[in-house]
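Down below is the structure, laid out as structure tokens.
The values are calculated or read from the model by the stated rules, or taken from the named source; none is laboratory data. Computed from a predicted structure; not experimentally measured. No Cβ is skipped: glycine too gets one built from the backbone with ideal geometry, and neighbour counts run over all protein chains shown.
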Amino acid sequence: MKYAVLGAGRMGSALIRGMIASGFTTGNSITISDKHPDSLKQVASQLGTKAVESNALAVAEADVVFLCVKPNQSLEVVAEVASELKGKLLISIVAGIHASSLLTAAGGGFRVLRTMPNTAVRLRKGIIAIASNPSATDSDLELALRIFSSVGTALEVTESDLDAVTAVSGSGPAFALLMLESLAQGGIEGGLDPEVARKCAAGALAAAAALVTETEETPLALRQEITSPGGTTAAGLEVLADREFPSIVRDAVAAARKRSIELSAKP
Ligand SMILES: NC(=O)c1ccc[n+]([C@@H]2O[C@H](COP(=O)([O-])OP(=O)(O)OC[C@H]3O[C@@H](n4cnc5c(N)ncnc54)[C@H](OP(=O)(O)O)[C@@H]3O)[C@@H](O)[C@H]2O)c1
């Protein structure tokens, strides 16, 4: 299987790095293209892929094409490679651009899957939601699930779920980082060295995530296990409940989802 990656920026490079590091494919099977010849050469030599000077050349050599340019560049790029795309699978990681818009921009005749990865694909710890549509086959979806499982946890969702996914696993790491910063700051205010506070806070969030992903227990049950009546955790949780922390976080998710819908609706 030959792959093309259009747009060798942060996400395109992270995806390629993960696919190669996991052994899913090799650099020889990937051709990349980008607007900037200098950064293109640099990424290709770092990752051991082929590089070509045009998107059309990259698509011509591929069976599967990853669209990794910015949303405002995406329709122009698919239109530019329309004839080379015929009969192929296009996997878009572009936020907010509907599968139907991509198909229309390039005049159809190819298959599309939309995905929403998050920034942790660069560590192969991403969450990647994949949404199918009538243009794609079951084996396209199965292939995409295998590809993205090499850079994290791949999940199938509906296309209309992608706005909520964008809010929870796309923007969510930033919300969790704010929690982490605040935890560390609380530690510093309690007398900790900043580096010790940073490590303790990062360890706390990593522990919470690992407990949820590596056990069958719910977050509520896990939280109750470490909350003794009258103890330290109970004292802190009481403050978070009084200040309505859960509803603040839910409001943040709703705002991010609303923004994703607004951005998708832009012409
Ligand atoms: N970053 C994230 O966490 C994240 C998460 C989920 C999804 N995404 C999606 O991933 C996509 C890429 O994001 P990114 O952060 O990787 O952006 P990026 O770093 O800007 O990468 C995009 C690359 O494509 C290049 N490019 C622009 N026009 C092109 C063209 N006509 N042909 C070929 N290459 C072209 C860009 O060059 P220039 O710099 O000159 O424009 C840039 O090198 C976006 O659509 C975004 O919605 C990102």
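Scanning the range 63-79 for residues being more than 14 Å from A8 (Cβ to Cβ) and touching a strand residue (DSSP E or B) at 6+ places or on another chain (Cβ under 9 Å) gives a total of 4. Across the range 40-77, what is the number of residues that are within 10 Å of the ligand (Cβ to nearest atom), in contact with a Leu (Cβ under 7 Å, 6 or more places away or on another chain) and among the β-branched types (V, I, T)? Going through the range 40-77 one residue at a time, the tally reaches 2. Just one of (1) in contact (Cβ under 8 Å) with a residue 12 or more places away in the chain; (2) in contact with a strand residue (DSSP E or B) (Cβ under 8 Å, 6 or more places away or on another chain); (3) more than 8 Å from the ligand (Cβ to nearest atom) fails for S22. It is (2). Of everything listed in (1) β-branched (V, I, T); (2) more than 14 Å from the ligand (Cβ to nearest atom); (3) under 21 Å from G23 (Cα atoms), the single unmet condition for I91 is (2). Checking each residue in the range 77-120 for being surrounded by fewer than 19 Cβ atoms within 10 Å (Cβ to Cβ), of a type in the set (V, I, T) and free of Cβ contacts under 8 Å to residues at least 40 places away in the same chain picks out only T104. K125 meets all of the listed conditions (1) modelled with pLDDT of 95 or more; (2) of a type in the set (D, E, K, R); (3) closer than 25 Å to T25 by Cβ but one, namely (1).
Determine which single condition A105 fails, assuming it passes every other condition in (1) under 16 Å from M19 (Cα atoms); (2) at pLDDT 95 or above; (3) in contact with a helix residue (DSSP H, G or I) (Cβ under 8 Å, 6 or more places away or on another chain). Of everything listed in (1) under 16 Å from M19 (Cα atoms); (2) at pLDDT 95 or above; (3) in contact with a helix residue (DSSP H, G or I) (Cβ under 8 Å, 6 or more places away or on another chain), A105 misses just condition (1).
Checked against the criteria, L113 does not count as assigned to a helix (DSSP H, G or I), modelled with pLDDT of 95 or more and closer than 27 Å to K258 by Cα.
Filtering the range 151-163 to residues that are within 13 Å of the chain's Cα centre (by Cα) and in contact (Cβ under 8 Å) with a residue 40 or more places away in the chain leaves V151, G152, L162, D163.
Looking for whichever is surrounded by fewer than 23 Cβ atoms within 10 Å (Cβ to Cβ), closer than 15 Å to V69 by Cβ, of a type outside the set (K, R) and assigned by TED's automatic domain parsing to the domain that holds I147 here; the options are S22, S39, S33, S29. Which one fits?
Only one candidate qualifies: S39.
Taking the range 5-43 as the range and being outside any helix (DSSP H, G or I) and farther than 17 Å from S150 by Cα as the test, the residues that pass are L6, G7, A8, G9, T31, I32, S33, D34, K35, H36.
In the range 150-171, the count of residues that are of a type in the set (S, T, N, Q), part of a helix (DSSP H, G or I) and either surrounded by 15 or more Cβ atoms within 10 Å (Cβ to Cβ) or touching a Ser or Thr at 6+ places or on another chain (Cβ under 8 Å) (or both) is one or more. Selection of the range 29-58 for residues being touching a strand residue (DSSP E or B) at 6+ places or on another chain (Cβ under 7 Å) and either touching a residue at least 60 places away in the same chain (Cβ under 8 Å) or farther than 20 Å from A82 by Cβ (or both) yields S29, I30, L40, K41, V43, A44, T49, K50, A51.
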